[in-house]
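The numbers here are math on the coordinates, done by the rules we state, and not lab data. From a predicted model like this one, the values you see are computed outputs, not experimental measurements. Cβ: placed from backbone, ideal geometry, glycine included. Neighbour counts: every protein chain shown.
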Amino acid sequence: MRALCWHGKNDIRCDTVPDPKIEDPRDAIIKVTTCAICGSDLHLFDGFMPGMQSGDIMGHEFMGEVMEVGSGAKDSLKVGDRIVVPFTITCGECEQCRRGNFSVCERSNRNKDIADKLFGHTTAGLFGYTHLTGGYPGGQAEYVRVPFADKTHVKVPNGMTDEQALFLGDIFPTGWQGVVQCDIQPTDTVAIWGCGPVGQFAIRSAVLLGAKQIIAIDNVPERLAMAQAGGAITINFDEESTVERLNELTQGKGPEKCIDCVGMEAHATATLDSMYDRAKQALMLESDRAHVLREMMYVCRPAGTISIPGVYGGLIDKVPMGMVMNKGLTIRTGQTHVKRWTDDLLRRIEDGQIDPSFVITHTVGLEQGPEMYKTFREKQDGCIKVVLKP
Amino acid sequence: MHQHHSGSSQQMMSRDSARGLAQGLGWFSIGLGLMELLAPRQLSRTLGMEEQSGLIQAYGVREIATGIGILASRDPTPWVWARVGGDALDLATLAPAVPDNPQKGNVLVAMMAVAGVTALDLICAQQLSTARQQEQREQRLRYLPDYSNRSGMPRGVEQMRGVARQDFEMPRDMQTPEALRPWTDGRPAQADAGAMASSLGTATTDHDAANTSSSSNLKPQLSSAQVVRTAADQVGVKGGSGTAANHDAATTSSSSSLKPQLSSAQVVRTAADQVGAKGDSGTATTNHDAATTPSSSNLKPQLSSAQVVRTAADQVGTAKDR
Ligand SMILES: NC(=O)c1ccc[n+]([C@@H]2O[C@H](COP(=O)([O-])OP(=O)(O)OC[C@H]3O[C@@H](n4cnc5c(N)ncnc54)[C@H](O)[C@@H]3O)[C@@H](O)[C@H]2O)c1
Ligand SMILES: [Zn+2]
Ligand SMILES: [Zn+2]
């Protein structure tokens with residue numbers, strides 16, 4: 001089959017690789033009908049996440065048709081079902097899964113011992129996202145093996161298009177959890193850094209969850225336009241000071257809730273700390289750039305909440321813990337517990353509260369994937385979300 | 001179209017000259033690196049830092065690596081930034097050697113030389129970065145699609161505001177504790193946005209002035225570390241003994257000139273402060289500790305932990321998945 005494979009920094013190719021096979025009774029094989037490139041994939045493309053190996057199949061946002069079901073998954077899946085696959089692989093039985101903390105499933109990471117060493121304790125297995133989280137071949141491919149398939153799926157109702165359902169596997173629940181973690185009150189101002197796909201869904205989620213005022217921050221005009229269409233006031237950080245503007249919009253008190261939808265590759269702005277981060281990251285003294293985090297800690301209202309769906313991989317530097325402590329801020333973060341939200345969100349799509357396909361700007365075949373990684377990263381051609389059709 | 005053209009050719013020129021400068025810095029890096037690597041003893045003696053010759057060799061390796069990076073990579077930008085970081089490190093290593101050093105004069109000359117090169121590095125790095133950003137921006141401008149109708153909410157954004165409040169069950173583990181929820185008139189807020197908003201608005205007007213002034217006081221573009229520092233300074237906790245004055249100057253002026261045209265020496269000094277000066281408490285010993293930190297306790301652990309991540313990752317990379 002054909003699949004997009006990682007061969008090193010800036011090097012993703014459409015290769016021909018062996019088809020996946022059932023390896024465990026709880027597996028299923030699906031034929032991918034639609035998949036997507038995620039901002040998290042860019043961290044791999046840019047070589048910022050450790051633990052990739054040449055030839056690894058990329059992709060963790062995908063859906064398709066069930067082709068084959070292992071004996072242990074027969075009760076909940078049958079050949080021909082249309083499913084979206086959550087990017088966090090979940091056993092559904094361990095203590096964390098039973099609490100709904102699916103992204104820290106204790107069993108689905110088959111490289112648990114290494115994750116234990118690196119993070120202290122293992123997290124869930126992920127598709128196409130380094131060997132630290134299991135090294136599971138990803139979904140930017142014609143076929144995928146889905147481990148723990150009896151639990152790791154969302155059935156798509158008839159009549160719902162791929163484009164409407166696909167993002168239930170990652171970015172819609174990710175934006176949603178980012179906002180839910182803030183426990184929005186009707187009086188809240190929510191500031192959202194980053195208007196990529198995750199930020200866009202965070203904005204819509206904040207609308208649905210009834211925030212009083214939503215402020216979105218980025219420097220890409222068309223992304224800001226899409227943010228505004230979703231009900232946000234926008235700040236272009238190239239043109240104005242994020243902190244000054246946020247204070248202005250909150251009578252000098254700062255937003256109660258701050259959400260980082262940018263992650264470890266925050267753009268350098270014309271600030272000292274950005275330059276410092278850049279230099280240190282290049283020297284490998286720091287793995288992640290923390291500009292957005294620092295800005296959030298600085299501007300967040302005392303007793304407020306900082307929510308971090310943006311991905312960080314390792315170490316950051318100069319974190320103003322004094323601000324966090326003295327202002328009594330709450331920080332919540334994590335990979336998304338996808339399955340925890342999908343039933344509810346699926347219903348909202350069916351109900352017409354939201355149509356997630358709004359975010360798609362590019363649809364191409366799998367073989368055009370490698371060049372689309374560049375287009376997406378460079379934000380060329382108005383690119384916000386790329387969907388691939390294997 | 002026309003305007004664009006002239007604009008971009010100008011940028012091309014500045015990019016080309018920045019690239020030329022980068023080449024030069026690359027060779028300079030390699031030269032200096034070789035010297036540090038091959039003659040660390042002489043160097044350390046000249047600087048009155050005999051026990052540091054191992055460190056100097058390590059810095060030599062760093063210089064050579066960045067030099068090769070600059071010369072060999074398609075885009076030298078990150079490597080030139082790495083040089084800026086390296087300069088800060090050099091300065092942070094030299095600075096503590098100034099007091100009670102028999103070769104004080106030499107150290108000062110070395111620091112001035114490093115500062116000079118740092119200025120070049122910064123100018124080069126910034127020009128490269130700006131050129132790159134400009135190129136990207138231009139590329140984007142070529143085709144600016146209109147997404148202003150992509151609300152994603154077929155029934156309208158305002159109609160959807162708060163609909164999930166009616167039926168979404170907030171998970172207990174993510175709820176805001178009672179005490180952190182908004183209060184009004186000494187009671188927890190009701191889920192009535194309008195009423196709350198207006199009552200909050202009136203209740204808090206008198207505090208607003210104070211809040212605003214204090215926040216505009218500390219320029220937001222400062223790195224947070226500096227903000228802490230500046231704030232601390234304002235309260236009267238002065239920085240490390242000898243450098244207090246410099247240090248204030250640096251923070252103050254950078255707060256007033258945030259845009260790309262930061263005076264490079266200040267940036268360096270502050271960067272060096274950030275790398276080196278951990279203790280603000282001001283006694284000579286603290287200062288000394290802080291300044292040697294980058295070589296011993298501060299950077300090494302960071303370096304090694306960053307490398308641990310990578311090494312562990314590489315191990316994983318080669319391990320076979322079960
Ligand atoms: N927690 C999870 O489970 C999860 C799931 C999916 C994605 N993510 C992460 O969410 C983040 C965003 O994903 P995405 O797909 O939207 O990626 P993206 O790269 O398209 O979006 C990031 C956006 O942030 C903007 N940005 C950069 N620097 C900024 C700054 N200083 N201030 C404000 N905005 C800035 C960029 O211009 C860009 O539009 C990534 O880190 C991704 O890895 C997390
Ligand atoms: Zn993702
Ligand atoms: Zn589990």
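Remarks
- Long-range neighbours under 6 Å by Cβ, at least six apart or interchain, first residue closer than 22 Å to residue A:161 by Cα within the range A:66-94, second of a type in the set (Ser, Thr, Tyr): A:86/A:152
- Being of a type in the set (Val, Ile, Thr) and over 30 Å from residue A:378 (Cβ atoms) is a property that residue B:114 has.
- Selection of the range A:127-146 for residues being more than 10 Å from chain B (Cβ to nearest Cβ) and crowded, with 24+ Cβ neighbours inside 10 Å yields A:127, A:128, A:129, A:138, A:139, A:140, A:141, A:144, A:146.
- Unique match (being in contact with a strand residue (DSSP E or B) (Cβ under 7 Å, 6 or more places away or on another chain) and within 16 Å of ligand 2 (Cβ to nearest atom)) among A:125, A:55, A:70: A:125
- Test: residue in the range A:96-115 that is small (Gly, Ala, Ser) and more than 16 Å from ligand 3 (Cβ to nearest atom): no
Residue-wise test of (1) over 23 Å from the mean Cα position of the chain (by Cα); (2) farther than 20 Å from residue A:38 by Cα.
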{"residue": "A:305", "(1), (2)": "no, yes"}
{"residue": "A:311", "(1), (2)": "no, no"}
{"residue": "A:315", "(1), (2)": "no, yes"}
{"residue": "A:322", "(1), (2)": "yes, yes"}
{"residue": "A:334", "(1), (2)": "no, no"}
{"residue": "A:338", "(1), (2)": "no, no"}
{"residue": "A:342", "(1), (2)": "no, no"}
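This table checks each residue for (1) more than 19 Å from the chain's Cα centre (by Cα); (2) free of Cβ contacts under 8 Å to residues at least 12 places away in the same chain.
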| position | (1), (2) |
| --- | --- |
| B:58 | yes, yes |
| B:66 | no, no |
| B:70 | yes, no |
| B:77 | no, no |
| B:82 | no, no |
| B:91 | no, no |
| B:101 | yes, no |
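- Conditions (1) within 14 Å of residue A:338 (Cα to Cα); (2) more than 16 Å from ligand 3 (Cβ to nearest atom): number failed by residue A:128: (1)
- Those residues of the range A:109-133 which are more than 15 Å from ligand 1 (Cβ to nearest atom), among the small types (Gly, Ala, Ser) and either touching a residue at least 24 places away in the same chain (Cβ under 8 Å) or assigned to a helix (DSSP H, G or I) (or both), in sequence order: A:115
- Top-ranked residue in the range A:88-108 [being within 16 Å of ligand 2 (Cβ to nearest atom) and not in a helix (DSSP H, G or I); ranked as surrounded by the most Cβ atoms within 10 Å (Cβ to Cβ)]: A:88
- Some residue of the range A:38-61 being within 16 Å of ligand 3 (Cβ to nearest atom) and either in contact with a Pro (Cβ under 8 Å, 6 or more places away or on another chain) or in contact (Cβ under 8 Å) with a residue 60 or more places away in the chain (or both): no
- Subset tally (residues that are in contact with a strand residue (DSSP E or B) (Cβ under 6 Å, 6 or more places away or on another chain), hydrophobic (A, V, I, L, M, F, W, C) and farther than 17 Å from residue A:102 by Cβ) for the range A:143-191: 7
- Residue A:163 vs. criteria away from chain B (no Cβ under 13 Å) and away from ligand 2 (no atom under 16 Å from the Cβ): no
- With respect to the conditions (1) surrounded by fewer than 24 Cβ atoms within 10 Å (Cβ to Cβ); (2) within 15 Å of ligand 1 (Cβ to nearest atom); (3) over 24 Å from residue A:8 (Cα atoms), residue A:85 lacks only one, and its number is (1).
- Selection count where residues are more than 12 Å from ligand 1 (Cβ to nearest atom) and part of a helix (DSSP H, G or I), scope the range A:364-381: 10
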